[in-house]
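See structure below.
Laboratory data are not the source of any read-out in this text; all were calculated from the coordinates shown. Keep in mind that this is a model prediction, so the values were computed, not measured. Here the Cβ positions follow ideal geometry from the backbone for every residue, glycine too, while neighbour counts run over all protein chains shown.
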Amino acid sequence: MKHVLFVDDEQRILDGLRRMFRPMREEWHAVFAPSGQAALDELAKAHFDVVVTDMRMPGMDGVQLLSEVRKRYPSVVRIVLTGQSDRETTLRSLGQTHQCLSKPCDPDELKRTVMRAVALRELLVNESIRSLVAGMQSLPSVPTIYNALLSEIESPKSSMESVANIISQDIGMTGKVLQLVNSAFFGLPKAITNPAQAISLLGLDTVKALVLGIHVFSAYRGAQGSHFQIEALWKHSLATGKLARMIVEQEHGLPNVADSACTAGLLHDVGVMVLAANIPEYAGDILQSAKLPGTNLSDVERERLGATHAEVGAYLLGLWGLGDSIVEAVAFHHAPTQCLNRTFGPLTAVHVANGLVREDLTGKEESLPPRVNDDYLRALGLADRLPRWRELYRRSLEMEVAHD
């Protein structure tokens, strides 16, 4: 039984929600609160998986309520309902909410959003890790990229194109702008997976507000004794995203699939960043232990934390409302055979690209486990493509060297 708390100061809205979710009473226990304070009282009495609140309420508004929920009950999924005219309030809520839905909200969309949020919790069984991820307001950025963005934003000659080029290179920034642009507040007919397109839709003023006013981006500051190198992760992620796009294009995939593959490749190791930035043991001993011969990072993570970086990253991006194909690719990029979807798509491209880029970095020593799952490719009927994709990557590296 999942527990969902709905908050709105209008009784007719609460009555409508009560009728909407009555058919699901065998699966969900829904509670309805008429104010922010009443919601906090309910949270103090019982556990809830999801809180859905109106934005505009007298006394404690939706942002203030969800800010308190994030502090007191960080594992709770936080969803806000807001009107199309509440642009500034919506931006202000970005650090406190996982998703924004527009009012009046389509009943089916609200159901899907709540159901997806509940289902995502099954990805992470470790409650402390789940609380850590759900409580995050932003992801740290590579310091050089963050500083470059600050300089560009503050320049009188800044342009949409230059800002988009900087943001689309960074893992944390890309995740955050995609979270915002894919919220129902913008009412877009389809999911946006290309960060440059997202920035174009948000507009330069909104991006400036995110950077200078709301401070949703921040530079990574490593702790003493940390073995985590954000620049190395960034370089690997960029290479994986680029190669994933090339693989989809070589297989004559649609442009939106190529965009999803590229973004998923850039974000596939976002869980490593989350864990390294928040758990000193992970940035120190766990990453170091995973470098020992015959060890695997995911196995070490499972043993020490009860969760892998792939699960952590997928859970965060799912909470932020990114598309299923991206979340799926991040969740299963090391274990694609565990995914029920057995068709070529972003997961295939990211799994192969990650394996080939890692293979290039580590060499082909026989002691290393295989980076690309041959059984998975055979099940898709794509085993014969691997040499072509490896050659594709080799040629791309040669072109980069030539351009340098």
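Taking the beta-carbon count within 10 Å as an exposure proxy, list 8, 375 from fewest neighbours to most.
Ascending number of Cβ neighbours within 10 Å: 375, 8.
Against the longest alpha carbon principal axis of the chain, how many degrees, from 0 to 90 and to the nearest 10, is the axis of helix 346-362 turned?
50 degrees
What is the distance, in nm, between label points placed 7 Å from the Cα along the Cα-to-Cβ direction at residue 398 and at residue 131?
Between residue 398 and residue 131, the simple spin-label model gives 5.5 nm.
For the range 230-403, give the magnitude of the charge dipole about the Cα centre (Cβ charges: +1 Lys/Arg, -1 Asp/Glu; no others), in debye to the nearest 20.
280 debye
With springs only between Cα atoms under 10 Å, which of 283, 310, 46 fluctuates most in a Gaussian network model of the chain?
Looking only at 283, 310, 46, the biggest GNM fluctuation is shown by 46.
Simple spin-label model, 7 Å along Cα-to-Cβ: residue 204 to residue 256 in nm?
3.0 nm
Between residue 111 and residue 338, what is the label-to-label distance in nm when each label sits 7 Å out along the Cα-to-Cβ direction?
3.0 nm
Using a simple charge model, +1 on the beta-carbon of Lys and Arg, -1 on the beta-carbon of Asp and Glu, nothing else, what dipole does the chain show about its Cα centre, in debye to the nearest 20?
In total the dipole reaches around 440 debye.
Using the Kirkwood radius built from alpha carbon pairs, what does the Stokes-Einstein equation give as D for the range 12-141 at 37 °C and 0.692 mPa s, in µm² per second?
It comes out at roughly 215 µm²/s.
Please compute the length gained on full extension between residue 232 and residue 64, using 0.36 nm multiplied by the number of residues separating them and subtracting their Cα-Cα distance.
Separation in residues times 0.36 nm, less the Cα-Cα distance, equals 56.7 nm.
For the chain, what is the relative contact order in percent, using Cα pairs closer than 8 Å and at least 6 residues apart in sequence?
It rounds to 13 percent for the chain.
Placing +1 on the Cβ of each Lys and Arg and -1 on the Cβ of each Asp and Glu in the range 140-219, which of 175, 164, 148 has its Cα farthest towards the positive end of the resulting dipole?
Farthest towards the positive pole: 175.
For residue 155 and residue 285 in the same chain, what is the full-extension length gain: residue separation times 0.36 nm, less their Cα-Cα distance, in nm?
Once the chain is fully extended between residue 155 and residue 285, it gains 42.6 nm.
Which of the three applies to the range 242-291, rounded, prolate or oblate, going by the alpha-carbon gyration tensor with a ≥ b ≥ c and a/c under 1.5 meaning rounded?
Prolate is the answer for the range 242-291, as a/c is 1.5 or above and a/b outweighs b/c.
Please compute the alpha carbon radius of gyration of the range 251-404, then divide it by the globular-protein estimate 2.2 N^0.38 Å. Two decimals is fine.
1.07
Can you tell me the relative contact order of the range 140-219? Whole percent, Cα pairs under 8 Å, sequence separation 6 or more.
Answer for the range 140-219 is 40 percent.
Which of 221, 18 has the fewest other C-beta atoms within 10 Å, and how do the rest follow up to the most?
In order of increasing Cβ crowding within 10 Å: 221, 18.
With a 10 Å cut-off between alpha carbons and a GNM built on the chain, which of 380, 347, 243 moves the most?
Among 380, 347, 243, the largest mean-square fluctuation in the Gaussian network model of the chain belongs to 380.
Would you order 100, 105 from fewest to most other beta-carbon atoms within 10 Å of each residue's own beta-carbon?
105, 100
Report the full-extension gain for the segment residue 384 to residue 11: residue separation times 0.36 nm, less the Cα-Cα distance, to one decimal in nm.
128.1 nm
Against the longest alpha carbon principal axis of the chain, how many degrees, from 0 to 90 and to the nearest 10, is the axis of helix 230-250 turned?
80 degrees
For a quick check, take a GNM of the chain with Cα springs below 10 Å and name the residue from 32, 21, 228 with the largest mean-square fluctuation.
21
Any idea how far the Cα center of the range 104-182 sits from the one of the range 217-287, in Å?
When both Cα centres are located, 13 Å separates them.
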